[in-house]
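This report concerns only the one structure given below.
The values are calculated or read from the model by the stated rules, or taken from the named source; none is laboratory data. Nothing here was measured: the structure is a model prediction, and the numbers come from that model. We place every Cβ from the backbone using ideal geometry, glycine too, and count neighbours over all the protein chains shown. Protein only, heavy atoms only, side chains kept; ligands, DNA and RNA dropped before computing areas. Shrake-Rupley method; radii C 1.70, N 1.55, O 1.52, S 1.80 Å.
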Amino acid sequence: MSVLVYQAINAVTAELAETGIAKAHRNQEGDYLYRSIEDVLGALAPLLSRHRLCVLPRILSRDVVRSGSNGQLVSVHAAFDLVSALDGSVHTIESFGEALDESDKGTAKAISSAYKSAMLQAFCIPVPQE
C-alpha cells in the first residue's frame, strides 16, 4: 500500500499550520468573520501543486427545497478524492454543503461550502493568531 497521498496531505497541512488562513471577511447580516472560498482556494492551490496532490470532487447527492420568495435551499453531499499525482494513491473525504440562493447559483454555492468545509478540516487549517 502506498503512502504518498498521506505524505502529500501531511506536507500541505504542515505548511498551512505555519500560515493559516485569516478570517478576513465580515458577514454584515450575521456580524461574524469568515474565510471565503477564494481565500481557501488561493492558499491551497500553490501547495497542492507543489506537493503534487489533486483534489477531485464528486457530488454524491443533491437536494433542493423551494422556499418561496427567499429562493431555493440547496444541500449537497460531496466526496473529495485526494490523489497523489506521483503514484495515484487516494484518500477520500466526505462533506456536506448548503446554500440559500435567489437565482441559479445555489448548487455552485453549496458545492463551494462543502469544499471549503472539507479542506479546512482535512488540512486542519488554523486561523492565524494576531
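List the lysines whose Cα lies under 17 Å from the Cα of residue 23, skipping any in the same chain that are fewer than 8 positions away.
Leaving aside lysines fewer than 8 places away in the same chain, those within reach of residue 23 are 116.
Heavy atoms only, probe 1.4 angstrom, no DNA, RNA or ligands counted: give me 105, 116 ranked by accessible area, highest first.
105, 116
Per residue, how much accessible area does the chain show when a 1.4 Å probe rolls over the protein heavy atoms, in square angstrom?
So the chain comes to 60 Å² accessible per residue, rounded to a whole number.
Multiply the residue separation of residue 63 and residue 77 by 0.36 nm, subtract the distance between their alpha-carbon atoms, and state the gained length in nm to one decimal.
4.1 nm
Do any GluC sites (Glu not before Pro) in the range 33-124 lie in a DSSP loop with no more than 16 other beta carbon atoms within 10 Å, and if so, which?
102
What angle, in degrees between 0 and 90 and rounded to the nearest 10, separates the Cα long axis of helix 4-19 from the longest principal axis of the Cα atoms of the chain?
With rounding to tens, the tilt is 70 degrees.
Per the 1.4 Å probe, what fraction of the accessible area of the range 1-115, in percent, lies on carbon and sulfur atoms? If you can, show how the numbers build up before the last one.
Working: 3600 of 6880 Å².
Solvent-exposed carbon and sulfur of the range 1-115 make up 52 percent of the total.
Please tell me the relative contact order of the range 1-82 in percent, rounded to the nearest whole number, where contacts are Cα pairs under 8 Å and at least six residues apart.
24
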